[in-house]
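*Asks:* Structure incoming, see below.
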Amino acid sequence: MAGSELASAVAEILASYPPRRDNLITVLQEIQERDGYLSEAAVRALSGASGISENEIYGVATFYTHFRFHPPAEHTVHVCLGTACHVRGGHQLLHDFEERLNITAGEMTSDHRFGLERVACVGCCALAPVVLVDGKVRANMKPKHVRGLLTQLGHKANGTGA
């Protein structure tokens, strides 16, 4: 997105809220929802339009773990490691995803096709172990399902996408 388009989009988001600092998190959420992440250009545009310094914006955004500063992967796998999922094999699932994708939790494959995250709990304890794939719950996951799931998403055994 060109600089003027980005500035216009940020200004449009800001127009939806009273001009107060306590709206910053909501504005950042909307920018991330629109773009998938908070780019340097978006932070710069937000700073220029709101009068809040880039340092302050980054200070707020980096405090919260749900804000991203890089484009997300095409497919994101969240492995639940809450108590119920842990007891029912969540750690083994995480290990299997790491092995098959050749990355560790918190990383993305070099082709940006797959990201892998560990989460404390997704609130589906009765369905444990649970994996979220692109936000969709995959219940009662077993290590034997990992390969098939990744294959459905276009992952090939050599670590590249389709």
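The values are calculated or read from the model by the stated rules, or taken from the named source; none is laboratory data. All values derive from a computational prediction rather than experimental measurement. In this analysis, Cβ positions are derived from the backbone assuming ideal geometry, glycine residues included, and neighbour counts consider all displayed protein chains. We work out accessible area using only protein heavy atoms, side chains counted, and drop any ligands, DNA or RNA first. Shrake-Rupley method; radii C 1.70, N 1.55, O 1.52, S 1.80 Å.
*Asks:* Return the aspartates and glutamates within reach of Lys142: Cα separation strictly under 19 angstrom, same-chain partners fewer than 8 residues apart disregarded; answer none if there are no such residues.
*Replies:* Asp96, Glu98, Glu99, Glu117, Asp134
*Asks:* Kirkwood hydrodynamic radius, segment 32-116, all distinct C-alpha pairs: what's the number in Å? Mind showing how you got there, number by number?
*Replies:* On the way: mean 1/r = 0.0672 Å⁻¹.
So the Kirkwood estimate lands at 14.9 Å.
*Asks:* With only Lys, Arg, Asp and Glu charged, each at its Cβ (+1 for the first two, -1 for the last two), find how big the charge dipole of segment 1-121 is about the Cα centre; round to the nearest 20 debye. If you can, show how the numbers build up before the last one.
*Replies:* Details: 9 positive and 16 negative charges, 57 e Å.
In total the dipole reaches around 280 debye.
*Asks:* If you take Rg and Dmax of the Cα atoms in Å from the coordinates, which of (i) 19.3, 54; (ii) 19.0, 60; (iii) 18.6, 53 do you get?
*Replies:* Correct label, based on the coordinates given: (iii).
*Asks:* Another one. So what is the orientation-averaged projected area of segment 84-162, using the convex hull of its C-alpha atoms, in nm²? Mind dumping the intermediate values first?
*Replies:* Working: hull surface 18.8 nm².
With every direction weighted equally, the projected area is 4.7 nm².
*Asks:* Do any cysteines of the chain lack a neighbour Cys whose Cβ is under 4.7 Å away, and which are they?
*Replies:* Cys121, Cys124, Cys125
*Asks:* Among Gly123, Ala105, Leu38, whose Cα sits farthest toward the positive end of the charge dipole of segment 1-124 (+1 at Cβ of Lys/Arg, -1 at Cβ of Asp/Glu, about the Cα centre)?
*Replies:* So the residue furthest toward the plus end is Gly123.
*Asks:* Compute, for segment 76-139, the length of the dipole vector about the Cα centre, with Cβ point charges of +1 (Lys, Arg) and -1 (Asp, Glu) only. Units Debye, rounded to 20.
*Replies:* Numbers: 6 positive and 7 negative charges, 52 e Å.
That gives segment 76-139 a dipole magnitude of about 260 debye.
*Asks:* Antiparallel versus total DSSP beta bridges in the chain: what percent is that, nearest 5?
*Replies:* Details: 8 of 14 bridges.
Around 55 percent antiparallel, to the nearest 5.
*Asks:* How high is the FRET efficiency from Glu117 to Ser8, r the C-beta distance, R0 25 Å, rounded to 0.05? Provide the component values of the computation, followed by the final result.
*Replies:* On the way: r = 32 Å, r/R0 = 1.29.
Plugging the Cβ-Cβ distance into 1/(1 + (r/R0)^6) gives 0.20.
*Asks:* 222 nm [θ] for the chain, helices only, -39500 (n - 2.57) per DSSP H run of 4+, per residue, to 500?
*Replies:* Values: 7 runs with 73 residues, N = 162.
The helix contribution divided over the chain gives -13500 deg cm²/dmol.
*Asks:* Relative contact order (percent) for the chain, with alpha-carbon contacts under 8 angstrom and 6 or more residues of separation?
*Replies:* Numbers: 219 pairs, mean separation 30.4, N = 162.
Here the relative contact order equals 19 percent.
*Asks:* For the chain, which longest stretch is free of loop sites, where a loop site is one of the GluC sites (Glu not before Pro) that DSSP puts outside H, G, I, E and B and that has at most 16 other Cβ atoms within 10 Å?
*Replies:* Values: sites that count: Glu74, Glu107.
Value returned for the longest uninterrupted segment is 1-73.
*Asks:* For Ser39, Ser8, write out the residues from largest to smallest accessible area, computed with a 1.4 angstrom probe and no ligands counted. Mind dumping the intermediate values first?
*Replies:* Values: Ser39 20, Ser8 70 Å².
So, going from the largest accessible area down, we get Ser8, Ser39.
*Asks:* Just to be sure I understand the model, the point goes 7 Å from the Cα along the line to the Cβ. What's the resulting Gln29 to Glu74 distance in nm?
*Replies:* Between Gln29 and Glu74, the label points sit 3.0 nm apart.
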